[in-house]
Structures are given as C-alpha cells and as structure tokens.
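The values are calculated or read from the model by the stated rules, or taken from the named source; none is laboratory data. Everything numeric here is computed off the predicted structure, so don't read it as measured data. Methodologically, a virtual Cβ is constructed for each residue, glycine included, from the backbone with ideal geometry; neighbour enumeration extends over all protein chains shown. These area figures cover heavy atoms from the full protein model, side chains too; ligands, DNA and RNA do not enter into them. Shrake-Rupley method; radii C 1.70, N 1.55, O 1.52, S 1.80 Å.
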Amino acid sequence: MWKVTLGEKPGVSQLKREKTTVPRPAVGEVLVKVKAVSLNYRDWEVINGQYHEVFSSGMVPLSDGAGEVVEVGEGVDRWQPGDRVIGSFWQGWLAGDLKNAIAPRSMGGPLDGMLSEFVSLPANGLVLCPSHLSYEQAACLPCAAVTAWQALVVEGHVKAGDWVLVQGTGGVSLFALQFAKLHGASVVLLSSSEDKLARARELGADITLNYLECPDWGAEVQLRTGGIDHVVEVGGPNTLVQSFKALRLGGQVNIIGYLGGKCGEVSPLLILQSHSRVRGIAVGPCSSLEALCGAIQAVQLIPVIDRIFSVDNLGEAFDYLASGSHMGKVVLRLDS
Ligand SMILES: NC(=O)c1ccc[n+]([C@@H]2O[C@H](COP(=O)([O-])OP(=O)(O)OC[C@H]3O[C@@H](n4cnc5c(N)ncnc54)[C@H](OP(=O)(O)O)[C@@H]3O)[C@@H](O)[C@H]2O)c1
C-alpha cells in the first residue's frame with residue numbers, strides 16, 4: 001500500500017508518497033480502504049507550515065476521507081467488511097461539549113490523516129455514509145459540514161424565520177447555506193464573484209452581495225434583513241466589524257475562520273452594544289457528523305463539489321484550492 005507524508009520542509013511539492021505495509025486493525029479498530037478525500041484550507045496550512053501547530057515530517061495529512069471497511073479488529077461488532085464509512089475529524093470527542101478532560105485529537109495533525117490507501121481507526125471514530133452519497137460526496141463532510149452543523153444547528157439552534165449570513169463560497173460556507181435552508185432560515189451570502197453569486201442563488205441564497213463592490217456590506221445587510229441572527233464568520237478581522245454591523249441585537253457570531261488574516265482589532269464595544277453571543281467553533285464531535293448524515297439522508301441533500309482530481313494530481317488540486325476559484329469542495333479520488 002502507499003501513503004503520503006509530510007516532508008522535512010513545508011510545501012505540497014515536499015510531500016512524499018511512500019510504500020508501506022497494510023496496517024492490521026488493533027483491538028477496537030477498523031481497517032478502511034480509503035476511496036476519496038477532500039481538501040480543506042486547514043490541510044493546505046498544515047502542509048505549508050502555516051497552521052498554528054507545526055507537525056513533524058512523516059505524518060499523513062488530510063483530515064477528511066471516506067472508504068470501505070475491509071477488516072475489523074477484535075471486539076468490534078458495530079462494523080463489518082463492506083460497510084461504507086466516513087472518518088470523524090476529531091477522534092476521541094464522541095458527543096456533548098468539548099471539555100479539557102476529553103483531550104481529543106484531530107485527523108491530519110496530530111493524528112495521521114486520510115491520504116493513505118488504508119487507515120486503521122477506532123470503531124467509535126467512524127460514521128456510516130448516507131446511502132445516496134458517493135464516496136467523493138461523503139468525503140466532504142467531516143470538517144466543513146460538521147463545522148457548519150455545529151455552529152448553526154447544535155450550538156445555534158437555527159430555526160425557520162432566522163436570518164443566516166455566510167461569507168464566501170468555500171466548503172464551510174456552502175454547507176452553512178444548505179443547512180440554513182434545510183431548517184427554513186433565510187440566507188445572505190457574500191462572494192467576490194458575480195458568477196458564484198448567481199450559482200448561490202440557484203442553491204437557495206435569498207440575498208447575495210459582492211463584498212468587493214460593497215465593502216460596507218454590514219449596513220446594507222442590516223437594512224435589508226432587519227438584522228442577522230447567525231453569522232458564520234470565516235473572514236476574520238477583515239469581516240468581523242461588518243458582521244457586527246449586520247447583526248440583530250442579541251444575535252450570534254460563530255468564529256470559524258480567518259481567511260482574511262489572523263490578527264486585527266475589534267472593539268469590545270461592538271460585542272457589548274450588539275448584545276451578541278460570540279463563540280468559537282472547532283469542528284464538532286462524532287455525534288454531529290452522525291446527526292448531519294441522518295438529516296441529509298432524509299432530505300437527499302447533495303454536497304456541492306467543485307472539482308474531483310485524481311490523487312496523482314495532488315499538487316494541481318492544492319493549487320486550485322489555493323487559487324480560491326472553487327465553489328464548495330475540492331476532492332481527490334484515490335482509486336487510480
Ligand atoms: N473552526 C473550525 O472548526 C473550522 C473548520 C473548517 C474551516 N475553518 C476555517 O474556515 C475558513 C474557511 O474554510 P473552507 O475550508 O471553507 O475554505 P475554502 O473552501 O478555501 O473557502 C475559500 C473561500 O472563502 C472566501 N474568502 C476568501 N477570503 C475571504 C475574505 N477575506 N472574506 C470573505 N470571504 C473570503 C472566498 O469565496 P469567494 O470566492 O466566493 O469570494 C473563497 O473562495 C478557513 O479559515 C478555515 O481554516 C475553521
């Protein structure tokens with residue numbers, strides 16, 4: 001079998017594809033033949049040494065993947081060969097709130113990730129694939145979809161009649177759009193591209209705005225909606241001030257990403273005067289992946305995939321992700 005590992009120096013070109021032996025599932029583990037993986041902005045940061053933690057060479061990158069169970073270890077009765085499964089982003093965070101005592105670890109750093117022909121994972125760190133999804137579609141769920149679900153559904157209790165603001169058209173944002181619509185909420189979506197805005201309207205976005213043409217979008221959104229209930233904040237300091245301007249009194253801001261940079265100034269008065277609830281989101285537990293799989297199975301929701309690359313074109317796929325041209329997810333198919 002092969003696996004791809006981080007090199008001594010950062011960079012996609014430094015990744016190494018190595019031949020190794022197929023692992024045997026330990027007690028309580030399940031051996032999975034990985035069929036597809038999806039790329040996240042975090043994976044790009046990890047590989048390029050720009051993540052807030054640096055991981056050593058030899059680690060297998062990429063948190064998200066789906067595949068087929070080929071063998072189960074001793075003591076596993078929940079899975080059997082042939083089952084189609086998805087790996088949870090966090091291993092060890094099964095359900096409930098994240099607590100210090102749980103100390104979960106994430107796939108693709110520090111734990112070995114999914115860019116490997118086979119992986120052996122704990123039986124309780126896997127979720128059954130919705131039957132209507134291909135492996136490529138299922139591989140989109142562990143990080144981006146769980147993050148959007150955790151922010152809006154588990155923590156935010158989004159409901160019909162709410163207004164949700166999503167920024168950009170990347171993986172997290174489009175899942176947030178789909179989950180908000182699933183719960184009867186209305187959505188404001190921001191993008192830098194007119195073409196992407198048009199496609200977002202087809203996906204159900206109620207109000208679309210070009211954040212480059214309308215830099216003071218917070219006031220415009222406030223005017224047109226009467227105030228946003230849930231912000232899915234992926235821009236960071238560049239967008240946070242506008243998000244508070246868009247918020248209704250007592251609205252919620254989910255701090256998720258920092259695409260516009262990690263440092264900046266935000267006055268505490270913005271939080272205080274908006275009576276807002278600001279919370280950090282760090283993906284979510286295995287139970288959230290399970291819950292969203294149940295929901296999307298029920299309504300036959302399909303994740304938005306922009307492009308599928310062969311694993312042999314890994315570099316091209318990461319260049320495409322870094323270009324920001326994509327809308328939704330970028331996926332790698334592992335059977336080559
Ligand atoms: N905390 C967590 O649990 C968690 C989980 C997943 C991701 N994240 C973070 O969330 C962010 C998004 O991740 P992703 O995987 O969805 O990324 P992605 O798929 O790469 O999304 C990129 C898109 O974001 C939009 N964008 C870029 N810069 C922007 C800016 N300054 N303001 C507003 N929008 C901007 C662009 O959309 P347009 O082309 O439409 O303009 C771009 O295409 C990243 O910072 C990632 O690290 C955090």
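Structural remarks
- Percent of Cα-Cα distances greater than 29 Å, calculated over the chain: 37 percent
- Among Ile308, Ser267, Gly113 - extreme Cα towards positive end, dipole of the chain, charges at beta-carbon: Ser267
- Cross-link reach list, lysines versus Lys16, counting only Cα pairs under 21 Å and skipping chain neighbours closer than eight places: Lys3, Lys33, Lys35
- Vicinal HN-Hα couplings computed from phi for the stretch 46-52 (Karplus, 6.51 cos²θ - 1.76 cosθ + 1.60; Hz; Gly/Pro x): 4, 5, 9, x, 10, 6, 5
- Per residue, the accessible area of the chain comes to 42 Å² when a 1.4 Å probe rolls over the protein heavy atoms.
- Per-residue SASA entry for Thr208, accessible area with 1.4 Å probe, Å² rounded to 10: 30 Å²
- 17 Å tail of the calculated P(r), the stretch 145-280, as % of Cα pairs: 52 percent
- When the alpha carbon gyration tensor of the stretch 183-254 is reduced to an equivalent ellipsoid, its three semi-axes come out at 18, 15, 11 angstrom, largest first.
- Partner lysines for Lys196 [C-alpha distance under 19 Å; skip if fewer than 8 residues away on the same chain]: Lys181, Lys329
- Note on surface exposure: Asp195, Asp162 rank Asp195, Asp162 by accessible area, highest first, 1.4 Å probe.
- Accessible-area composition of the chain, carbon plus sulfur, in percent [1.4 Å probe]: 51 percent
- The calculated FRET efficiency for Ala198 paired with Ala219, based on their beta-carbon distance and R0 = 25 Å, is about 0.55.
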